[in-house]
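Chemist: The structure is given below, and queries will be raised subsequently.
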Amino acid sequence: MSDPAVQTAELTTGLSQGQRLTNMFTAPSKTFQDIKAGHKSWWLPFIIYAVLGFAFYGAVNAKVGMRQVSENQVKLSPKTEEQMAQLTPEQREQRMKISVAITQGIFLAGPVFLLAMGAIISLVLLGTINFVFGGKANFGSIFAVWMYAMMPSCIKTILGIVVLYAGTAPDSFNIKNFAPTNLGAFLNPMDMNPGLYSLASSIDFVTIWTLALVGIGVAIVAGTKRTSGYIASYGWWALLVLGGAGVAAAFS
């Protein structure tokens, strides 16, 4: 039998962040139980996301270029392309410079956007699991769950880098769908209704995997049934997917 004193020491000490990260691919419940026990540090996954994000930015800049990224997005939006065609060469050039600057700024400010997005999503999940399903979670626990649950996104970023260095044609690179992890990646957006393409791109195995982890983690730290966590995570995702498809169909 295990020594009770050792068990108590393990509970107090908790898992290391490295162990929590490993568990996300082998035994995610252990990580979430550790967060529930009060061990909420999330700086290691955040650093990993930031480093990979900048590595991806470097690959895009080297293999495609920010100007080409912006031009590709114009081509993928018939309405935007039509508006650009009506501008003078000088106006078009100015508009492209602004677009390039915004694209580059989003890349460089990636860690800030990551924290802001995590905070907003955590607040939404906190309100949903506590007020709708009677959970007892707090913001710090939900935020830590989100940070660790995003680990599968590392796979998508790495795949994106591999695809770029494998020889993707710069003029066909789509920054909004850069890795072959969803149905949309195998379809030509120029030949599809924008709304349908948005839906196809949303059926992404990395996203589905991440949301499953979020559902498990939220349920554990809130002390609710796992189905409640799944409803909270997949429910909001479904609303965003349908809303995104509608916007794409209306404005692209």
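The values are calculated or read from the model by the stated rules, or taken from the named source; none is laboratory data. A quick note: this is a predicted structure, and the numbers were derived from the prediction, not measured. Methodologically, a virtual Cβ is constructed for each residue, glycine included, from the backbone with ideal geometry; neighbour enumeration extends over all protein chains shown.
Chemist: Go through the stretch 33-72 and give me each residue that's at pLDDT below 95, of a type in the set (S, T, N, Q) and under 27 Å from Arg226 (Cα atoms).
Modeler: Within the stretch 33-72, just Ser41 meets the criteria.
Condition check ((1) buried (at least 19 other Cβ atoms within 10 Å of the Cβ); (2) closer than 30 Å to Gln17 by Cα; (3) out of contact with any Ser or Thr (no Cβ under 7 Å at 6 or more places or on another chain)) across all residues:
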site	(1), (2), (3)
Ala119	no, yes, yes
Lys156	yes, yes, no
Val162	no, yes, yes
Ala169	no, no, yes
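Chemist: Among the helices (runs of 4 or more DSSP H) contained in the stretch 188-252, which hold 1 or more residues that are closer than 20 Å to Ile155 by Cα and in contact with a Lys or Arg (Cβ under 7 Å, 6 or more places away or on another chain)? Give the derivation first.
Modeler: Values: elements: 194-202, 205-222, 226-251.
Passing ranges, in order: 205-222.
Chemist: Mind listing whichever residues of the stretch 135-185 are under 13 Å from the mean Cα position of the chain (by Cα) and either in a loop (DSSP other than H, G, I, E, B) or farther than 30 Å from Asp34 by Cβ (or both)?
Modeler: Scanning the stretch 135-185 gives Met150, Met151, Lys176, Asn177, Phe178, Ala179, Thr181.
Chemist: Follow-up. What are the residues in the stretch 21-75 that are closer than 30 Å to Ala101 by Cβ and of a type in the set (Lys, Arg), if any?
Modeler: Of everything in the stretch 21-75, those that are closer than 30 Å to Ala101 by Cβ and of a type in the set (Lys, Arg) turn out to be Lys63, Arg67, Lys75.
Chemist: Shifting gears a bit: Mind checking whether some residue in the stretch 72-82 is touching a Lys or Arg at 6+ places or on another chain (Cβ under 8 Å), without any contact (Cβ under 8 Å) to a residue 24 or more places away in the chain, assigned to a helix (DSSP H, G or I) and of a type outside the set (A, V, I, L, M)?
Modeler: Within the stretch 72-82, one or more residues are touching a Lys or Arg at 6+ places or on another chain (Cβ under 8 Å), without any contact (Cβ under 8 Å) to a residue 24 or more places away in the chain, assigned to a helix (DSSP H, G or I) and of a type outside the set (A, V, I, L, M).
Chemist: State which residue is farthest from Ile208 (Cα to Cα) when the search covers only the stretch 176-193 and only residues that are crowded, with 19+ Cβ neighbours inside 10 Å and of a type outside the set (Gly, Ala, Ser). Give the steps one after another, and end with the answer.
Modeler: Initial filter on the stretch 176-193 (crowded, with 19+ Cβ neighbours inside 10 Å): 177-179, 181-182, 184, 189.
From the residues that got through so far, the ones that are of a type outside the set (Gly, Ala, Ser) too are 177-178, 181-182, 189.
Numbers: Asn177: 15, Phe178: 17, Thr181: 10, Asn182: 10, Pro189: 22 Å.
That would be Pro189.
Chemist: For the structure I just gave you, tell me whether Thr224 is out of contact with any Gly (no Cβ under 9 Å at 6 or more places or on another chain), at pLDDT 95 or above and crowded, with 20+ Cβ neighbours inside 10 Å.
Modeler: Details: out of contact with any Gly (no Cβ under 9 Å at 6 or more places or on another chain): no; at pLDDT 95 or above: yes; crowded, with 20+ Cβ neighbours inside 10 Å: yes.
Here the answer is no, as Thr224 does not meet what is asked.
Chemist: Same structure, new question: For the stretch 83-92, enumerate the residues that are surrounded by 11 or more Cβ atoms within 10 Å (Cβ to Cβ) and assigned to a helix (DSSP H, G or I). Working first, answer last.
Modeler: Taking the stretch 83-92 and keeping what is surrounded by 11 or more Cβ atoms within 10 Å (Cβ to Cβ), we get 83-84, 87, 91-92.
Of everything in the stretch 83-92, those that are surrounded by 11 or more Cβ atoms within 10 Å (Cβ to Cβ) and assigned to a helix (DSSP H, G or I) turn out to be Gln83, Met84, Gln91, Arg92.
Chemist: Scan (1) in contact (Cβ under 8 Å) with a residue 12 or more places away in the chain; (2) under 21 Å from Arg226 (Cβ atoms) for the single condition Phe131 breaks and write down its number.
Modeler: Unmet for Phe131, out of (1) in contact (Cβ under 8 Å) with a residue 12 or more places away in the chain; (2) under 21 Å from Arg226 (Cβ atoms): (1).
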